[in-house]
Every structure is written in C-alpha cells, then in structure tokens.
Amino acid sequence: MIKKAVNYITTDMAGLRATKDNFKIPEISEFVGLIKMVSENKINSRGAKDILAILMAACLRRQETQKKLQKKKVFFKNQTLKR
C-alpha cells in the first residue's frame, strides 16, 4: 500500500502539478481513502488515477472558494466598521 501511495505522489500527482496550474494537492484523508480503495480492490489503478485528478482539481476549487469568502468577510467587516 505504501509503495502505491509513493508511486501516485511521485509520478501522478507530480505530473499533474507540473503540467497544469489548476491542480492542488488533495486533503490527506481523501488521498488515504483513495489508496485504501485500491488496496482493497474496490477500484483499479486506472480508476484511482482518474479519481486523483478529480480530487486535485476539487482541492483547487475549495481553496479558491475559501479565498473569495475571506475577501468578502474582510469587505463586510470593513463596511460594518465604517458605519
């Protein structure tokens, strides 16, 4: 299981990050869950690689959403202080 995880990190995740700016490292719990599914033969390696790409893209969207929410929070806080 560790060997597969290392392989996904060093080849697949690194490859996606190198070729596209719209991929971020997924949450550890998501990655561990993915590796567990592979080790339990619930999904095959090809499916895991596809899911990994989806997780990495979703992670970026979550980070962008958090940044937007933080900006709005600062904006509304500043509006409240001006009153």
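The values are calculated or read from the model by the stated rules, or taken from the named source; none is laboratory data. None of these values were measured; they are calculated from a predicted model. When we count neighbours, we look across all protein chains shown, and the Cβ atoms used for this are built from the backbone with ideal geometry, even at glycine. Surface areas here come from the heavy atoms of the whole protein model, side chains and all, with no ligands, DNA or RNA. Shrake-Rupley method; radii C 1.70, N 1.55, O 1.52, S 1.80 Å.
Taking 7 Å steps out from each Cα toward its Cβ at Ile2 and Asp50 produces label points 3.1 nm apart.
Once the 1.4 Å probe is applied to the protein heavy atoms, the range 12-59 comes out at 59 Å² accessible per residue.
Restricting the range 1-55 to trypsin sites (Lys or Arg not before Pro) that sit in a DSSP loop and have at most 12 other Cβ atoms within 10 Å of their own Cβ leaves Lys20, Lys42.
Estimated at 0.36 nm per residue, the fully extended path between Thr19 and Met37 surpasses their Cα-Cα distance by 3.9 nm. Backbone phi angles across the range 44-59, fed through the Karplus curve with coefficients 6.51, -1.76 and 1.60 (θ = phi - 60°), yield HN-Hα couplings of 8, 4, 4, x, 4, 5, 5, 5, 4, 4, 5, 4, 5, 5, 5, 4 Hz in residue order; Gly and Pro are listed as x.
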